[in-house]
1. Quickly estimate the mean residue ellipticity at 222 nm for the chain, helices only: each DSSP H run with n ≥ 4 gives -39500 (n - 2.57), and the total goes over all residues, rounded to 500.
2. Enumerate the amide H contacts of residue 11 below 5 Å, restricted to partners 5 or more residues apart or on another chain; note that Pro and chain-start residues carry no placed amide H.
3. Work out the FRET efficiency for residue 105 and residue 270 from their Cβ-Cβ distance, taking R0 = 41 Å, and round it to the nearest 0.05.
4. Assuming 1.306 mPa s and 10 °C, estimate D for the stretch 52-167 with Stokes-Einstein, Rh taken as the Kirkwood radius over Cα pairs, in µm²/s.
5. What's the ranking of 175-186, 45-56, 367-378, 248-259 by average number of surrounding C-beta atoms within 10 Å, highest first?
6. Once the piece of chain linking residue 368 and residue 29 is laid out straight, how much longer is it, given 0.36 nm per residue of separation minus the C-alpha distance between them?
7. Whole angstrom only: what separates the Cα centroid of the stretch 1-16 from the Cα centroid of the stretch 69-103?
8. Identify, among 275, 197, 21, the residue whose Cα sits farthest towards the positive end of the charge dipole of the stretch 10-295, taking +1 on the Cβ of Lys and Arg and -1 on the Cβ of Asp and Glu, with the dipole about the Cα centre.
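None of the figures in this text is laboratory data; all of them are computed from the coordinates on show. For clarity, every value in this text was computed on a predicted model and none was experimentally measured. Methodologically, a virtual Cβ is constructed for each residue, glycine included, from the backbone with ideal geometry; neighbour enumeration extends over all protein chains shown.
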Amino acid sequence: CFTVGDDNTYFNPGSAAIYVYDYDRNDIRKPITRDLAEFVFTADALDSMVFQSTAIVASDVPNEIYDSWRLFVVLMNSSKPIITGAFSDKGVYEMSRMISIVKGEDMKHEPIAVFDVCPSPPLKWSYITSQNIIDYVKLGLPLEIIPMPSPGSTGPVTIYGSLVQHNAEFLAGLVLAQCVRRGSIVVYGGSPCSFDMRYGTVSICGVEALALTLSYVDIAKYYGLPCHAYMAISDSKVIDYQAGFEVGVGAFLAVLKGVNIVSGPGMMENESVQSLEKLVIDAEICSMALRFRELLDIERDSEAVDVLREVGFKADFLRKTHTLKWFRKTIYHPSNIIDRLSREAWIRGGKKDIISRARERILEIHRRHEVEPLEEDIERELLDYARNLLIKHGVDSIKADKLLSEARFKR
């Protein structure tokens, strides 16, 4: 159990990708259920990913249940709380039913999922998303309102103008939620994009988008509301230097600003592609950012001054008891994804680059990680519900059983 608010920051994988990066093919492709199960299982093992997300849209099920199927696969492969959202008015009730199967009467008091809703810029809320807000609130589900202005395209070109629009769209959704039930849980979110006039493309990592994000976070904190942002994400089409610096800049800005819920790790190419390799690399960046913020809370340590007097000019701190006492708490040791070997050791190890090391980390997780299982009766009820959904939407029983089998990750 943890609190979302104040200046706490919790990361989760970006969503909802309609492609996955296939490491073996070195290309993107349409994802299937197996891809989502593997992704969720891997994210479950990453400490810096405190939330899960319904990160990938599996293309091997009927599109009428794209949203609820994502949630089902996450529930089968992880016990972490979830950032999700429905694609239709029916999806809200299907997903709510799945959560009630897992949580029972505690669904409203101990929520395990936050549901995203997005206005249609500029200044519009569609029938479906408006109805989703009403339904979420009636069902007692927390919601996250995510305006998406793009300065110069779907919003005024200045940061100030798009910020006014962003806030107006958020407040419209907030008022609707509170009209349904006063005190309903709402997170102030967003996913603004820069608009590149040269190519007619958008960039979620553009400096304008980052400036707009940090500005609406200030407004959220002024209102006393928990806040969300799409950061620690990349527009790059491959896992390269661009991907690294965009994720790094976003992750560090997010923790220093105190953004509460950060969606983005693993994602690239304008929120359309998810990558397992990038996810585990991004998780390292997020861990570093979180550790960096902790280190800024400098503790008074009079013992260190005494050791400094004792050692003087000898540079012999390694053998001191004070070092042994404090080094694990002070010095951050990343996983082997991050290369800190000597050149000689790196050569002996096969001259592996970061993507190769990420693959090794993924395979290690697959071998060793254990997911906290659902109780047997809960799992059976959840499987039955998902099977009925598949058959209701035209999937024959043989294929339905195959999809249910693939929904749980297998080593």
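1. One gets -15500 deg cm²/dmol as the mean residue ellipticity at 222 nm.
2. Answer set, sorted by chain and number: 50, 51, 262.
3. On the way: r = 41 Å, r/R0 = 1.00.
That gives a FRET efficiency of 0.50.
4. 104 µm²/s
5. Ranked by mean Cβ neighbours within 10 Å, highest first: 45-56, 248-259, 175-186, 367-378.
6. The residue 368-residue 29 span can extend by a further 119.3 nm.
7. The stretch 1-16 and the stretch 69-103 have Cα centres spaced 18 Å from each other.
8. With unit charges placed on the Cβ atoms, the residue in question is 197.
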